[in-house]
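Every number in this text was worked out from the coordinates using simple rules, so none of it is lab data. Given the structure is predicted, the values throughout are model-derived calculations rather than measurements. No Cβ is skipped: glycine too gets one built from the backbone with ideal geometry, and neighbour counts run over all protein chains shown.
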Amino acid sequence: MSTSLLKTAALLLLFLSLGAGAKPVRTDYVEAELIARTSAAEPGGKLLLGLRLKMDPHWHTYWQNPGDSGMPTTIQWKLPAGFKAGPIQWPLPQRLPIPPLMNYGYEGEIVLPVEITLPSDATLSLVGHSARLAARADWLVCKDVCLPGGADLELTLPVVNGNPAPDAKWAALFEKALATLPLRALQGVKASTADGAISLLLPGVKAPALKDVYLFPTIEGLVEPAAMQTARDTPDGLALTLAVSNQLVASEARIAGIVTGIDARPVSFDAPMPGKLVPGKGIPAVAAVAPAASSADTLSLGLALVFALIGGLILNLMPCVFPVLSLKILGFASGGTAGTVADAAATGASVGERRTAEAGASRRAMRTHGVAFAVGVVLSFVALAAVLLGLRAAGEAVGWGFQLQSPLVVTLLALLFFVIGLNLSGVFEFGNVVPGGIAGATLKHPVADALFSGVLAALVASPCTAPFMGAALGFALTQGTSAALAVFAVMGLGMALPYVLLSFFPGWLKRLPRPGPWLVTFKQLMAFPMYATVVWLAWVLLVQVGVDGLVWFGAALVLLGFGAWLLGRSRHAIGRWAALAAIVAAVWVANPPAPMVSGQGSVNNPSTSDWEIYSAARIAEHNAAGRAVFVDFTAAWCVTCQVNKKLVLETRVVRDALTAGKIVPMRADWTRRDPTITAALAAFGRSGVPVYALYAPGKAPVLLPEILSERIVLDAFKSL
């Protein structure tokens with residue numbers, strides 16, 4: 001075989017292998033790929049590469065100036081030695097109105113061209129040599145919610161002598177992008193500013209149709225995107241009037257942009273701008289849907305820790321903690337002294353010595369319980385926070401209480417509370433489940449029981465937020481890991497503090513009768529809050545997975561109850577094995593048949609409820625029409641939310657006020673994971689529910705307290 005034939009075969013194999021190195025990468029709502037205008041590169045020449053982005057229908061990415069919101073796409077190149085990349089050549093964007101906002105970006109499929117200069121290295125011209133071009137691209141893709149995206153991309157091209165042939169696959173896409181780049185740069189543009197407006201004179205320019213003239217400013221935070229632009233012909237040229245941004249960020253003494261409607265292709269300009277910039281006035285209420293100023297933005301770490309401590313203390317008064325309070329009350333009533341008193345009696349101590357031993361043992365046991373409970377609460381808060389921060393760092397749109405957005409977690413919690421209720425009712429004893437040695441050690445040293453109570457308290461309490469907690473949580477989720485974990489740890493300490501103080505200063509417990517038969521009745525009575533919790537969690541599960549999932553859950557409760565009954569009656573190993581088999585079967589049956597999906601739950605059926613489903617676009621539409629919107633950010637697993645709804649929001653007085661004031665009620669149901677609602681909460685500096693926001697036309701949103709009353713809501717409505 002000749003040398004030329006070998007070279008030809010090698011080159012053919014090289015071309016065939018290139019496709020594997022340039023496959024598109026699929027991320028959330030975007031397909032990304034690195035492409036080239038030509039099929040090869042030339043030493044010392046210029047190579048036009050492009051970042052191809054294909055968005056799902058109705059989703060968009062952003063231009064170099066995103067407008068009122070958003071973030072431009074960025075590319076970080078990793079090129080061979082001597083290769084140099086130029087800036088992104090931005091194609092003309094679309095106007096993306098989200099009344100009353102205006103953004104600039106791209107929908108559908110686009111390519112962002114970048115010119116790469118190759119070094120004139122003779123060795124690169126060898127047949128069979130190739131160049132590996134890599135880049136990291138990052139973007140923001142938005143619809144009703146915005147999601148950051150990115151991908152590591154690469155493309156391998158052969159390096160050849162001569163003019164490389166165009167790549168027919170991408171020719172049309174490149175031509176479409178290049179056709180919207182500015183044809184020429186205008187010279188001599190004059191700019192001035194006064195009274196919140198910018199005046200431009202484009203000398204010698206005439207527009208075929210003034211209505212088609214539009215300026216896309218390339219400097220972000222200078223021109224108000226949503227404001228009207230006016231164009232008029234003058235003897236000296238085309239005059240444009242623009243509004244300075246309400247949220248003035250730019251400080252450059254110049255203005256630059258792309259103007260359409262003058263020639264067949266856009267034209268660019270860059271001009272100095274003398275005069276003092278002041279924010280524009282009279283622009284439609286952009287702030288109506290902008291994030292409210294969050295208290296989290298003004299908090300220091302010290303103040304956030306104080307808020308976290310107070311919020312944790314108040315959390316004990318929230319309805320979601322009531323089931324665990326029942327267990328703690330039972331623990332305080334029991335006293336935990338039987339083992340030590342029995343030891344004193346066995347040694348033949350006197351009555352006085354026995355009482356002294358009982359008092360000392362009681363104090364030690366109470367303090368041990370209090371400390372162990374606090375450790376369980378604090379460690380659980382820190383662990384939940386660590387998981388939450390990890391998920392958010394991985395791009396998940398989750399917030400505080402995220403664990404109860406999982407049907408599996410809800411199911412397992414419900415089964416756990418059902419087991420605790422059966423135990424308190426006397427159906428079985430935990431000593432029948434674990435080996436006797438472990439059970440005896442637990443009774444003698446019940447630290448593990450107290451620690452478990454703390455873990456359970458944190459797990460059940462975390463879905464709710466109390467006053468002061470919202471701001472502290474919002475601050476924590478915008479800080480570094482160490483500061484965030486410190487806030488959550490102090491919050492857990494605040495929740496556990498009353499029990500610690502009570503265990504060290506149990507004076508009021510002297511009013512309780514000594515342990516006796518009454519305690520058995522009290523223990524059985526405490527089972528009913530557990531059963532009530534199971535009913536609540538079953539309702540949450542119904543919202544998340546529907547009736548079919550609830551049927552499976554009911555079957556699991558039957559199996560679990562049967563297993564507990566067997567444990568209570570069995571005296572032989574075979575009975576205990578049968579009971580454990582029934583319990584394992586219950587857990588298996590309870591696994592929800594359908595996975596959790598994103599989107600709002602169904603706490604309210606839109607066809608029967610007067611409350612609209614949450615939509616940022618609908619809020620903007622209502623505000624533009626002069627209507628205020630009251631948004632209830634809620635979830636089925638948030639007991640505080642449901643209490644507020646029943647006692648305040650669904651009362652006749654509040655319903656009449658909503659109707660009389662022409663206020664649109666809107667509900668953001670966060671029962672299932674919903675990135676749109678997560679983003680809306682984050683805009684307020686919040687990461688949990690309940691949150692109540694009042695959007696009034698022309699004003700920033702107003703947040704109401706987490707604990708509502710009719711007077712609080714009515715006063716907020718009257719302030720409109």
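Label reach from Leu714 (point 7 Å along Cα→C-beta): in the range 652-696, amide nitrogens under 12 Å belong to 652-658. Approximating the spin labels as points 7 Å out from Cα along Cα→Cβ, the Phe505-to-Ala617 distance works out to 5.8 nm. Shape class for the range 26-107, computed from the alpha carbon gyration tensor (a ≥ b ≥ c): prolate, with a/c not under 1.5 and a/b above b/c. Each of Ala41, Gln64, Pro91 was scored by the projection of its Cα onto the charge dipole of the range 26-98, and the greatest displacement toward the positive side belongs to Ala41; charges sit on the C-beta of Lys, Arg, Asp and Glu.
Modelled spin labels at Met71 and Val584, positioned 7 Å past Cα toward Cβ, are 4.8 nm from each other. Between Ser482 and Glu31, residue separation times 0.36 nm minus the direct Cα-Cα distance comes to 158.8 nm. When the trypsin sites (Lys or Arg not before Pro) in the range 40-94 are filtered for DSSP coil states and for at most 10 other beta-carbon atoms within 10 Å of their beta-carbon, no site remains. Rounded to the nearest 0.05, the FRET efficiency derived from the C-beta distance between Asn161 and Arg132 at R0 = 30 Å is 0.95.
Summing charges over neighbours of Gly105, with a neighbour being any other residue whose Cβ is under 12 Å away from its Cβ, gives 0 when K and R count +1 and D and E count -1. Computed from phi, the 3J(HN,Hα) profile of the range 72-89 under the Karplus parametrisation 6.51, -1.76, 1.60 (θ = phi - 60°) reads x, 6, 10, 10, 10, 8, 10, 10, x, 4, x, 7, 10, 9, x, x, 5, 8 Hz, with x in place of Gly and Pro.
Is the range 63-176 best put as rounded, prolate or oblate by its Cα gyration tensor, with a ≥ b ≥ c the root eigenvalues, rounded for a/c under 1.5, and otherwise prolate when a/b is larger than b/c, oblate when not? In terms of gyration-tensor shape, prolate.
Our estimate of slack between Ala573 and Ala171, defined as 0.36 nm per intervening residue step minus the Cα-Cα distance, is 137.1 nm. Given R0 = 45 Å, the distance between the Cβ atoms of Ala386 and Glu154 translates into a calculated FRET efficiency of 0.85.
Rounded to the nearest 20, the Cβ-based charge dipole of the range 143-252 about its Cα centre (Lys and Arg +1, Asp and Glu -1) stands at 400 debye.
The gain in end-to-end length when the Ala81 to Glu107 segment is fully stretched comes to 5.9 nm, 0.36 nm per residue minus the alpha carbon separation.
Take the alpha carbon gyration tensor of the range 141-247, find the square roots of its eigenvalues, order them as a ≥ b ≥ c, and report rounded if a/c is under 1.5; if not, report prolate when a/b exceeds b/c, else oblate. Taking the square roots of the gyration eigenvalues as a ≥ b ≥ c, the range 141-247 is oblate. If R0 is 41 Å, the Cβ-Cβ spacing of Val558 and Lys23 corresponds to a FRET efficiency of close to 0.20. Note that the range 423-428 has calculated 3J(HN,Hα) couplings of 5, 5, 6, x, 5, 7 Hz, one per residue in order, obtained from phi through the Karplus relation 6.51 cos²θ - 1.76 cosθ + 1.60 (θ = phi - 60°); glycine and proline are x. Summarising the label geometry, the points placed 7 Å from Cα in the beta-carbon direction at Ala625 and Gln229 lie 3.0 nm from one another.
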